[in-house]
């Protein structure tokens, strides 16, 4: 295809994505979260933290709740960036009605994504949110909730890109999980801009706090992301980038490719044994918390989605353990070599 024709197609797709963003009211969602909210309401014993835990697994509800709390209707004296604070401001009674309204609207506004693909993207967002939070809990605990929301929302533009041109979907998801440095340029060649750029536009359209707009718009870019989060938010930036390494459809990606990229964002010490052990423990906790969150909203790995999250996490954790064992073996060899050298020098 001629270069000018390729550029023209990219422009058309990009314009279509912007058109969808301009008309956007809600993000795609499913029935899992509203049904769980209904169960909590019927139990008549739900606390604000219980509600926040359920709402936080759904990007559509999370973004709209944050936007509502920061709107002129409530006119907060400071920017609300935490979901718990937003729910406290809105009130539980108002939240139930609001959440159901957004969820039901989202169900009928799913950008044409097949249920299997939509469910896969939703689970990918949940996995990334869990990964970002677990990372932050270890290295930047003060920003754990911001990390959770940043991980959850970072790919909110992907369903719109699908809707703009369904014929490009397989090429797009393959490219999203590419490890090449040219990924953003290749996305731009297809759509005029990459999913980060469009995600930032979605965040602005939905009225999210500037922090999340910047996190979404730069979650794959170290320097702009750290600039956006500030010196006090370096831990948040690393948590977001750690999560962004995880694939958009884990069942279709080789876990061995992700382990080194995850390791890249981990704090490094002089003790390699310790570093690998921390990463291994982190992956175990991510896997455990991810399954817990799925169970919280009545979803399981056995729901027939075919995404392969359980297999992916198991294989990725195994790769981390193998790497840890290799490191131990290497260090043991180094220690033995140094011991021989010391003995030889002493004998001389």
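Things worth noting here:
- Pick from region 266-276, criterion surrounded by 14 or more Cβ atoms within 10 Å (Cβ to Cβ) and touching a residue at least 40 places away in the same chain (Cβ under 8 Å), ranking: nearest to residue 316 (Cα to Cα): 276
- Among the numbered conditions (1) touching a residue at least 12 places away in the same chain (Cβ under 8 Å); (2) part of a helix (DSSP H, G or I); (3) more than 22 Å from residue 176 (Cα to Cα), the only one that residue 237 does not meet is (3).
Conditions (1) touching a residue at least 40 places away in the same chain (Cβ under 8 Å); (2) touching a strand residue (DSSP E or B) at 6+ places or on another chain (Cβ under 9 Å); (3) under 18 Å from residue 226 (Cα atoms); (4) surrounded by 24 or more Cβ atoms within 10 Å (Cβ to Cβ), marked per residue:
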site	(1), (2), (3), (4)
114	no, no, no, no
117	yes, no, no, no
121	yes, no, no, no
127	yes, no, no, yes
132	yes, no, yes, yes
135	yes, no, yes, yes
140	yes, no, yes, no
147	yes, no, yes, yes
153	yes, no, yes, yes
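- Residue that is farthest from residue 148 (Cα to Cα) [pool: residues in region 76-86 that are in contact with a helix residue (DSSP H, G or I) (Cβ under 7 Å, 6 or more places away or on another chain) and either in a loop (DSSP other than H, G, I, E, B) or touching a residue at least 40 places away in the same chain (Cβ under 8 Å) (or both)]: 76
- A Cβ distance below 7 Å, combined with a sequence gap of six or more or placement on separate chains, defines the contacts here; from region 39-58, residues that are without any contact (Cβ under 8 Å) to a residue 60 or more places away in the chain reach residues that are surrounded by 15 or more Cβ atoms within 10 Å (Cβ to Cβ) and part of a loop (DSSP other than H, G, I, E, B) in the pairs 40/46.
- Of everything listed in (1) out of contact with any helix residue (DSSP H, G or I) (no Cβ under 7 Å at 6 or more places or on another chain); (2) crowded, with 17+ Cβ neighbours inside 10 Å, the single unmet condition for residue 73 is (2).
- Test: residue in region 87-110 that is touching a residue at least 40 places away in the same chain (Cβ under 8 Å), in a loop (DSSP other than H, G, I, E, B) and under 20 Å from residue 295 (Cβ atoms): no
- One residue from 79, 54 being buried (at least 19 other Cβ atoms within 10 Å of the Cβ) and either modelled with pLDDT of 85 or more or farther than 19 Å from residue 143 by Cα (or both): 54
The values are calculated or read from the model by the stated rules, or taken from the named source; none is laboratory data. Everything numeric in this text was worked out from a predicted model, so none of it was measured. So basically every Cβ, Gly included, is an ideal-geometry build from the backbone, and we count neighbours across all protein chains shown.
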